[in-house]
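Peer 1: Below is a structure I'd like to ask you about.
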Amino acid sequence: MRILFCDDDRETLAQVQAYVKEFFQSLGGAQPDFAAYTSGDALLAGEAYADIAFLDIEMPGESGIHVGAQLKEYNPKIKIFIITSFADYLDEAMRVQVFRYLSKPIDRNRLFRNLKDAVYQYNMDTHEIPICTADGVIILPAEKIVCVETVERKTYVYTTEETLRTTDSMERMRAALSLPCFYTPYRSFIINMRYVSQIRKDLIVLKYGGKTKEAYLARRRYTQFRDAYMLFLESTR
């Protein structure tokens, strides 16, 4: 996940970044990539793609509305948050299909609630994951991947329909599955939290299509994973 921030008010820019980073740190798992700019021109000169963007409307050069429209051309599913002290631009912002409209000064709790909604929508969007095998490349929707496991230097992808042996490394799979629903509970596992049916101190039980799969959970990660899983459940309600 890639998140952009753009605001010529450096104080607001720093505050929003801090709140958003705090939110994702509370989720655990892979953290998004962040980039911040103080003008729309600078952002468009350096960026083409993002999953979430926090944009001020009135900035030197290109406005937040124009920047948001440009970002949507690269990723129609981007979640755009417009941040401003002025309500006059609401109608214009809605035409760009802005996800949320946030007023200054930023309310932390309101931002968290709206960001939770954005993460939920992000999880629901279909992400196609290429799985390299000895026979070729199989493209799978992320939601069909139950877990990934490494056994004796061989990596297996468990899906809702079959088990695949991939030629990809665990590191490559972890990078490909950098979505909020995936978590690394142990160095040899990546799991999809939507299939969790039980959490023990050192084990996670996954259920899918009448099957059961157990994944190791490092004891030192138990509390972190439990909290991340509870937040994931809240995001899908």
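The values are calculated or read from the model by the stated rules, or taken from the named source; none is laboratory data. These numbers come from a predicted model, not from an experiment. Methodologically, a virtual Cβ is constructed for each residue, glycine included, from the backbone with ideal geometry; neighbour enumeration extends over all protein chains shown. Ligands, DNA and RNA are excluded from the accessible area calculation, which covers all protein heavy atoms including side chains. Shrake-Rupley method; radii C 1.70, N 1.55, O 1.52, S 1.80 Å.
Peer 1: Test of understanding: what is the full-extension gain from residue 108 to residue 207, defined as 0.36 nm times their sequence separation minus their Cα-Cα distance?
Peer 2: Details: separation 99, 0.36 × 99 = 35.64 nm, distance 3.60 nm.
Result for the pair: 32.0 nm of gain on full extension.
Peer 1: When the chain is modelled as a GNM with alpha-carbon springs shorter than 10 Å, which of 100, 108, 194 fluctuates the most?
Peer 2: Looking only at 100, 108, 194, the largest GNM fluctuation is found for 108.
Peer 1: What Kirkwood radius, in Å to one decimal, follows from the Cα pairs of region 115-237?
Peer 2: After inverting the mean inverse Cα-Cα distance, the result is 14.7 Å.
Peer 1: Now, a different point. What whole-number value in Å² describes the accessible area per residue of region 163-237 for a 1.4 Å probe?
Peer 2: Here the residues of region 163-237 average 54 Å² of exposed surface.
Peer 1: Enter the angle in degrees (range 0 to 90, nearest 10) between the Cα long axis of helix 64-74 and the first principal axis of the Cα atoms of the chain, meaning the one along which they spread out most.
Peer 2: 30 degrees
Peer 1: Okay, next question. On C-alpha positions alone, give me the angle between the axis of helix 222-235 and the longest principal axis of the chain, in degrees, nearest 10.
Peer 2: 60 degrees
Peer 1: For the chain, which whole-number percentage of the solvent-accessible area (1.4 Å probe, protein heavy atoms only) is attributable to carbon and sulfur atoms?
Peer 2: On the way: 5500 of 11990 Å².
Reported share for carbon and sulfur atoms: 46 percent.
Peer 1: Further, regarding this structure: Once Rh is set to the Kirkwood radius over Cα pairs, what Stokes-Einstein translational diffusion coefficient, in µm²/s, holds for the chain at a temperature of 10 °C and a viscosity of 1.306 mPa s?
Peer 2: 83 µm²/s
Peer 1: Where does helix 10-27 land angle-wise versus the long Cα axis of the chain, in degrees 0 to 90, nearest 10?
Peer 2: In the chain, helix 10-27 runs at an angle near 20 degrees to the longest axis.
Peer 1: Hey, what's region 1-158 come to in accessible area per residue, 1.4 Å probe, Å²?
Peer 2: 49 Å²
Peer 1: Just to be sure I understand the model, the point goes 7 Å from the Cα along the line to the Cβ. What's the resulting residue 161 to residue 85 distance in nm?
Peer 2: 5.5 nm
Peer 1: Right, here's the next one. Which ³J(HN,Hα) values, rounded to whole Hz and listed in residue order, are derived for region 174-186 from phi using the Karplus coefficients 6.51, -1.76 and 1.60 in 6.51 cos²θ - 1.76 cosθ + 1.60 with θ = phi - 60°, glycine and proline given as x?
Peer 2: Computed from phi, the couplings for region 174-186 are 5, 5, 5, 9, 7, 10, x, 7, 9, 9, 9, x, 7 Hz.
Peer 1: Would you mind counting up the charge near residue 130? Only other residues with Cβ under 12 Å from its Cβ, with Lys and Arg at +1 and Asp and Glu at -1.
Peer 2: -1
Peer 1: Starting from the Cα of residue 219, move 7 Å in the Cα-to-Cβ direction to define the label point; list residues of region 170-202 whose amide nitrogen is under 12 Å from there.
Peer 2: The answer is 201-202, whose backbone nitrogens lie closer than 12 Å to the label point.
Peer 1: Residue 34 accessible area, nearest 10 Å², 1.4 Å probe?
Peer 2: 60 Å²
Peer 1: Here is a further query. On the full set of protein chains, 1.4 Å probe, figure out the accessible area of residue 154 and give it in Å² to the nearest 10.
Peer 2: Using a 1.4 Å probe on the heavy atoms, I get roughly 80 Å².
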